[in-house]
Each structure stands twice: as C-alpha cells, then as structure tokens.
Amino acid sequence: MATTTSGIEHNVSSDTRKLLIGGEWLEASSGKTFETIDPATGDLLAMVAEGGSEDVDRAVKAARTALEDGPWSTMNPSERGRVIHRIGDLIMENAEELATLETLDNGKPFGVALAADVALAADLFWYMSGWATKIHGSVINPSVPYMPGAEFHAYTTREPVGVVGQIIPWNFPLLMAAWKLGPALATGCTVVLKPAEQTPLSALRLGEIMLEAGLPPGVVNVITGFGDAGAALAQHEGVDKVAFTGSTEVGKLIVNAASGNLKRVSLELGGKSPNVVFSDADIDAAIAGAASGIFFNQGQVCSAGSRLYVQADQFDRVIEGVCEAASNIKLGHGMDPETEMGPLVSQEQFDRVAGYLQTGIDEGNRAAVGGNALDGPGFFVEPTVLVDADASHAIVREEIFGPVIAAMPFDDIDDLARQANDSHYGLAAGVWTRDISKAHQLANKIKAGTVHVNAYHVFSAELPFGGFKQSGWGREMGEEVLSNYLETKTVIVGL
C-alpha cells in the first residue's frame, strides 16, 4: 500500500486570513492567529485570525443589524432567491480553486472534492434558491365554541427565526457550510458561521463569493477560531437559533449552552450505522457498497457504514472482497491524481483512530486487512477491516470516524433489526438484497434517518438528512430543513 506525501506545491496564502464581520475583513479583537496545516504533510498552509467572544459579539450585532435594518429584510423573495442562486453559480465558476482548498485543508482527494463536495454545495444553493419564493402560510376558519355567532378571519405566516449561529465540522467543510447557509438564507435569516478550526479556508473563500454574489453586508459573517468561539456563539443572548453539525458529545454541550435564552437548536450528530448484506444480494455490488460505505472520505463521515452485518453463508466471500478493495486503495496526498484516500484531518483525529485500532485488538478482534496507523509525514491510517467483533466491543458501539469497519456474521434474520438498532445512534443504514419485500420490511424496522437499499452514501439536496436517537434533532436538506429556520405566526381578525 503505497503512500505519496511529498513533491506537492501548495502555497495557499502568505497573508493572514481575516474574519468576515458586517461585510468587512477584520483582524481578531485579540490580534491572535492560528495555523492551518496540510494534513498530508504537516506543512503550513496559512495563518488565520483566531476569533473569540468579542468577535462573536461583533458578528451577532452585525447580523442583527442586517436582519432588522439592512436591505436583506426588505428584499422580496425573488430577489433573495436570485442572490442565493448566484452563490451556486460562483461556486462552480471557482470549482477548482475551492476543491484545491478542501484537499489541502482537509486531506481528501482533489477529484472527490471537485465531483462531490463542490458540485453538491453549488447544487444545494441552487435548490434552496427556489424555496425563497415558496414559503407561505395558510388560511384557517376557526370555531370558537364560547363565542357563538362570532366570525373571524385567521391566517398563518412563516417568518425567519432571526439571527442564526451555525457551527460546522471539518469533514466536508464547504458542503456543510452550504447545507447550513442555503436554507437559512432562503428563509430570510442572517447568520454567524463558525467553521471548524482544522478547516477554515473554504468557508472564508465562500464568504468572499457570497459578497461577490450580492449578499448584503452582515447577512453572513464568518468567525474562525476554536471551541471558545463556538461556545460563545451557542450561548449568545442575541442569537435566536443555533445549528450544529459534529459529535454527539459536543452536541450535548451546545444544548446546554443554548438553554440561557431557550434559543432554537438543530443538531446533526454522530452515527454508528449498520450495513446489512443478505445472502440473496448482488454480492459484488454489496462488496463495493460496503467498501465505499466505510472508506469514502477516509471514513470521516457521520453516516459511514461502520458496522457490517453479513449473512453467515456469504460472510467469508464478502470479507474477502472488502479486504481486497481496501488493500488496493492508494494512500497519498490528495493533489496526487493517483491518490484514492488521503490522510485523516489532524493529529488529534489520527491519535483517536489509532487508539481505537489498538482497543479493537485488545478486545480480541482481528485485522483481516490494515490495522496500522502509519508513520509520518501526514496523518495516514490504513483502511481496516476488523473481524471477530462482538456487540459489546467499543469498535462496534462507539463512533471511530476513520476508515475502520467492524464485520459480523448473522444467521437469525428475525433478530437482525434488534442488532441493527442496538446503538445510541440512528443516523443511517444500508440493506443489500434482491428481495424487495425483505428490504422494505427491514427498512421499516431500522431506527435511522436514512436507510439505503442496494446503495450507500447517496446525498441529494432534495432528500432530508438527519438522525434518530442521539444522532440529532431536525433535518438538513429537502423541504423539511426549512422548518429549522422558520417561526409560525397566527393572525386572528374579528369580523
């Protein structure tokens, strides 16, 4: 398994990247900066302003001004939709630059960043631009028993929730920004966006693109920094709603921080998703789907199919196929056109995944392929298939967020749904079978926000995405996400 981490030129910027507040690029109030690095080499990419609570406060005030006094609130929905659509256009006009930023800052292969992250981000803005003109209430004829003979005209309106704090993760930086910003803008909200400290560059470039598209100053503000900035945003009294994507552990902290003014909260959190292969499946397709389900994006996907259940008579064949796929994956720098898997995003994530690999071995699991965290430079981990797993093992119960799958055979079909649901999480699942009745029956029993049948990792702007149980509150994408950013008002008129 070859690795290539040298010989890639990637000087992003010699200037410190600043905060976007009220349409201006500003230094952090503290004057502090931090490094963002290439995880494939450890080389410095750029220095970035380290925003703190004072900067969050400035950004929230700018967003409030834009909401209440700026042109955003007086724009008609069609005008707002055209600006949002233009953001998608400009993303595609700058697609290669944005894909390069994602590759250098996150580590993922350039081809993946271009074809998936950038294209899906643009499509999300295009899709949401159409919703700007389709947000409406309803007319209701109320019956009021204690007021006989009285007549009323009543109706509802859907209004923006207000100033929104959005905190996004490092695994799909540009795409997660789009998922959050698109519906917030379509509904007329204003935003303070906090990107992950590991991957701030594409969010800052997106800020430039949004201004170029004609977004008024203060409608979207970008505060780069660490957890203290995110905490300040979540607890800020001037924020009406907070939207977070990240780990379940941090999601619980967000809920606590938001309780001060009972701001609205939506959460897209962790997962430990089951991927089920029945004996009657197209086994070759299931092998490819199982491999993609865990190894895509270095396994750094909240909905990754990290628990593989295979019917016993096909277990050896499926494991052999997934292992072969894993062993043929070429690790390297994401800008190398031959690279199929890049590094993990950071030293912290590398240490986390390496720790789980050791825990898995200590628990009695066996690495059928991979199993090693590689020496630097870069934060590379081998694609790994662990067998001899037990439902009580940490590698089966806890989210690893790396290219590591725990594989288990099953015989009892009647008990399969219980096994699939034996998790605190409920984000996604996969079912591989030629029997469509069996597929629907199992899909109905699995407690997950998305169930793939004979497919995996299918994302589209039209499809709601989110989870059951500790995988979150609310949904991203589709029409359903709009409810995250809208309040309903009832108006009653006596006639």
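The values are calculated or read from the model by the stated rules, or taken from the named source; none is laboratory data. Bear in mind the structure is a predicted one, so any value in this text is a computation, not a measurement. Ideal geometry is used to build each Cβ from the backbone, glycine not excepted, and the neighbour counts take in all protein chains shown. When the accessible area is computed, the model is the full protein with side chains, heavy atoms only, and any ligands, DNA or RNA have been set aside. Shrake-Rupley method; radii C 1.70, N 1.55, O 1.52, S 1.80 Å.
Table: residues versus (1) in contact with a Gly (Cβ under 9 Å, 6 or more places away or on another chain); (2) more than 19 Å from Gln300 (Cα to Cα).
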{"site": "Ala326", "(1), (2)": "yes, no"}
{"site": "Ile329", "(1), (2)": "no, no"}
{"site": "Glu338", "(1), (2)": "yes, yes"}
{"site": "Val345", "(1), (2)": "yes, no"}
{"site": "Gln349", "(1), (2)": "yes, no"}
{"site": "Gln358", "(1), (2)": "no, no"}
{"site": "Ile361", "(1), (2)": "yes, yes"}
{"site": "Gly364", "(1), (2)": "no, yes"}
{"site": "Val369", "(1), (2)": "no, no"}
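Inside region 393-443, can you point out the residues that are of a type in the set (Ser, Thr, Tyr) and either without any contact (Cβ under 8 Å) to a residue 60 or more places away in the chain or touching a Gly at 6+ places or on another chain (Cβ under 9 Å) (or both)? It would help to see each step written out before you state the result.
Start the filter on region 393-443 by keeping residues that are of a type in the set (Ser, Thr, Tyr), which leaves 423, 425, 433, 437.
Scanning region 393-443 gives Ser423, Tyr425, Ser437.
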Inset, instruction - Go through (1) out of contact with any strand residue (DSSP E or B) (no Cβ under 8 Å at 6 or more places or on another chain); (2) surrounded by 23 or more Cβ atoms within 10 Å (Cβ to Cβ); (3) among the aliphatic types (A, V, I, L, M) and name the single condition Met147 misses. - result: (2)
Inset, instruction - Return yes when Pro71 is in contact (Cβ under 8 Å) with a residue 24 or more places away in the chain and open to solvent by less than 10 Å² (accessible area, probe 1.4 Å) and no when it is not. - result: no
Inset, instruction - Sort through Ile436, Ile361 and tell me the only one that's open to solvent by 20 Å² or more (accessible area, probe 1.4 Å), β-branched (Val, Ile, Thr) and more than 30 Å from Glu476 (Cα to Cα). - result: Ile361
Legend entry - Where a residue in region 336-365 is touching a residue at least 24 places away in the same chain (Cβ under 8 Å) and its partner, wherever it lies, is aromatic (Phe, Trp, Tyr), with Cβ under 6 Å and at least six apart: Pro343/Phe379; Pro343/Phe380; Leu344/Phe350; Leu344/Phe379; Val345/Trp170; Phe350/Phe379
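Give the residues of region 27-41 that are of a type outside the set (Asp, Glu) and under 24 Å from the mean Cα position of the chain (by Cα), sorted by residue number.
Selection gives Phe34, Thr36, Ile37, Pro39, Ala40.
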Inset, instruction - Can you tell me which residue within region 337-358, out of those that are assigned to a loop (DSSP other than H, G, I, E, B) and open to solvent by 90 Å² or more (accessible area, probe 1.4 Å), is nearest to Leu386 (Cα to Cα)? - result: Glu340
Legend entry - Of all residues in region 1-46 being crowded, with 16+ Cβ neighbours inside 10 Å, of a type in the set (Val, Ile, Thr) and at pLDDT below 95, the one that is nearest to Trp170 (Cα to Cα): Val12
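Quick grid of which residues meet (1) surrounded by 16 or more Cβ atoms within 10 Å (Cβ to Cβ); (2) in a strand (DSSP E or B); (3) touching a strand residue (DSSP E or B) at 6+ places or on another chain (Cβ under 9 Å); (4) not aliphatic (A, V, I, L, M):
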{"site": "Ser392", "(1), (2), (3), (4)": "no, no, no, yes"}
{"site": "Met408", "(1), (2), (3), (4)": "yes, yes, yes, no"}
{"site": "Ser423", "(1), (2), (3), (4)": "yes, no, yes, yes"}
{"site": "Gln441", "(1), (2), (3), (4)": "no, no, no, yes"}
{"site": "Lys447", "(1), (2), (3), (4)": "yes, no, yes, yes"}
{"site": "Val458", "(1), (2), (3), (4)": "no, no, yes, no"}
Inset, instruction - Being closer than 28 Å to Glu79 by Cβ and over 17 Å from the mean Cα position of the chain (by Cα) is the filter; apply it to region 109-127 and report the residue that is least open to solvent (accessible area, probe 1.4 Å). - result: Tyr127
Inset, instruction - Could you tell me which numbered condition Lys438 fails, if it satisfies all but one of (1) within 23 Å of Val345 (Cα to Cα); (2) touching a helix residue (DSSP H, G or I) at 6+ places or on another chain (Cβ under 9 Å)? - result: (1)
Legend entry - Neighbours by Cβ (under 7 Å, 6+ apart or cross-chain): first from region 216-241, within 15 Å of Asp57 (Cβ to Cβ); second crowded, with 24+ Cβ neighbours inside 10 Å and polar (S, T, N, Q): Gly218/Thr190
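Going by the conditions given, is Gly165 in a strand (DSSP E or B), crowded, with 24+ Cβ neighbours inside 10 Å and either at pLDDT below 95 or not aliphatic (A, V, I, L, M) (or both)?
On the way: in a strand (DSSP E or B): yes; crowded, with 24+ Cβ neighbours inside 10 Å: yes; either at pLDDT below 95 or not aliphatic (A, V, I, L, M) (or both): yes.
Yes, satisfied.
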